[in-house]
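Asker: Can you read through this structure? Questions will come right after.
The values are calculated or read from the model by the stated rules, or taken from the named source; none is laboratory data. Since we're looking at a predicted model, the values are computed, not measured. Neighbour counts run over all protein chains shown; Cβ positions are idealised from the backbone, glycine included. Accessible surface is based on the protein model in full, side chains and every heavy atom, while ligands, DNA and RNA are left aside. Shrake-Rupley method; radii C 1.70, N 1.55, O 1.52, S 1.80 Å.
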Amino acid sequence: MVADAIRLLLFPALMAFAASSDLITMTISNRISLVLIASFFVLALMWNMPLAEIGMHAGAAATVLVVAFIFFARGWIGGGDAKLAAAAALWLGFDQLLNSLLFASLLGGLLTLAIMRFRLMTLPPALANQEWVNRLHRMDSGIPYGIALAVAALMIYPDTPWMKSLGL
């Protein structure tokens, strides 16, 4: 029962929190990625996931981490985005990784275009006093790519064994 609640709620809640945090602060706390990683291993053990399968999930996360940190080193994404992508890959595994990365790329492109358009607009007075809106509106500010990563992972999550085993 507890494991079912964790499978149903924890990953989606943490991904939603990461997206909202990235939108408002342009940062994703290391704690979110660490809780995702730790909870994956706890849940995998509770669910009696075979060790080989755990290894494959860890391999997916390691692969994403290496590629994401290359992107980070080039300034294409933030460090929090790289760690969040790897933590999400741990939960999704290789089976769902390609779909998740494809969706994240498409959503990230749409998000970038939307924010670029937003930055060309004059802020309404009601929003002009909001620090997070001003940060997002600045031309020299980055794109909160964690939003695209989180939405993509949440789109894929229902197709994972974590959710399918619940019969939803």
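Asker: Closer than 24 Å to ALA13 by Cβ, free of Cβ contacts under 8 Å to residues at least 60 places away in the same chain, aliphatic (A, V, I, L, M) and open to solvent by 50 Å² or more (accessible area, probe 1.4 Å): does that describe LEU101? Reasoning before the result, please.
Answerer: Working: closer than 24 Å to ALA13 by Cβ: yes; free of Cβ contacts under 8 Å to residues at least 60 places away in the same chain: yes; aliphatic (A, V, I, L, M): yes; open to solvent by 50 Å² or more (accessible area, probe 1.4 Å): yes.
Taking the combined requirement at face value, the residue satisfies it.
Asker: Within the range 71-97, work out how many residues are outside any helix (DSSP H, G or I) and either in contact with a Ser or Thr (Cβ under 7 Å, 6 or more places away or on another chain) or of a type in the set (A, V, I, L, M, F, W, C) (or both).
Answerer: 2
Asker: Take the residues in the range 74-92 that are farther than 10 Å from SER33 by Cβ and among the aliphatic types (A, V, I, L, M), then tell me which one is surrounded by the fewest Cβ atoms within 10 Å (Cβ to Cβ).
Answerer: Step by step, filter the range 74-92, then rank; the result is ILE77.
Asker: Going by the structure shown, is ALA73 of a type in the set (A, V, I, L, M) and within 16 Å of the chain's Cα centre (by Cα)?
Answerer: Working: of a type in the set (A, V, I, L, M): yes; within 16 Å of the chain's Cα centre (by Cα): no.
The answer is no for ALA73.
Asker: Sticking with this structure for a sec: Touching a Leu at 6+ places or on another chain (Cβ under 8 Å), assigned to a helix (DSSP H, G or I), more than 23 Å from LEU36 (Cβ to Cβ) and touching a residue at least 40 places away in the same chain (Cβ under 8 Å): does that describe LEU149?
Answerer: The answer is no for LEU149.
Asker: Does VAL151 satisfy being in contact with a helix residue (DSSP H, G or I) (Cβ under 7 Å, 6 or more places away or on another chain), more than 19 Å from ARG7 (Cβ to Cβ) and open to solvent by 30 Å² or more (accessible area, probe 1.4 Å)? First the steps, then the outcome.
Answerer: Working: in contact with a helix residue (DSSP H, G or I) (Cβ under 7 Å, 6 or more places away or on another chain): yes; more than 19 Å from ARG7 (Cβ to Cβ): yes; open to solvent by 30 Å² or more (accessible area, probe 1.4 Å): yes.
Yes; evaluated as a whole, the condition is true for this residue.
Here's the yes/no breakdown for (1) in contact (Cβ under 8 Å) with a residue 24 or more places away in the chain; (2) surrounded by 14 or more Cβ atoms within 10 Å (Cβ to Cβ); (3) under 18 Å from PRO158 (Cα atoms):
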{"residue": "ALA5", "(1), (2), (3)": "no, no, yes"}
{"residue": "LEU8", "(1), (2), (3)": "yes, yes, yes"}
{"residue": "MET15", "(1), (2), (3)": "yes, yes, yes"}
{"residue": "ALA18", "(1), (2), (3)": "yes, yes, no"}
{"residue": "ASN30", "(1), (2), (3)": "yes, no, no"}
{"residue": "ILE37", "(1), (2), (3)": "yes, yes, no"}
{"residue": "PHE40", "(1), (2), (3)": "yes, yes, yes"}
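Asker: If ASP140 passes every condition in (1) under 30 Å from VAL64 (Cα atoms); (2) open to solvent by 70 Å² or more (accessible area, probe 1.4 Å); (3) in a helix (DSSP H, G or I) but one, which one does it miss?
Answerer: Status for ASP140: all satisfied but (3).
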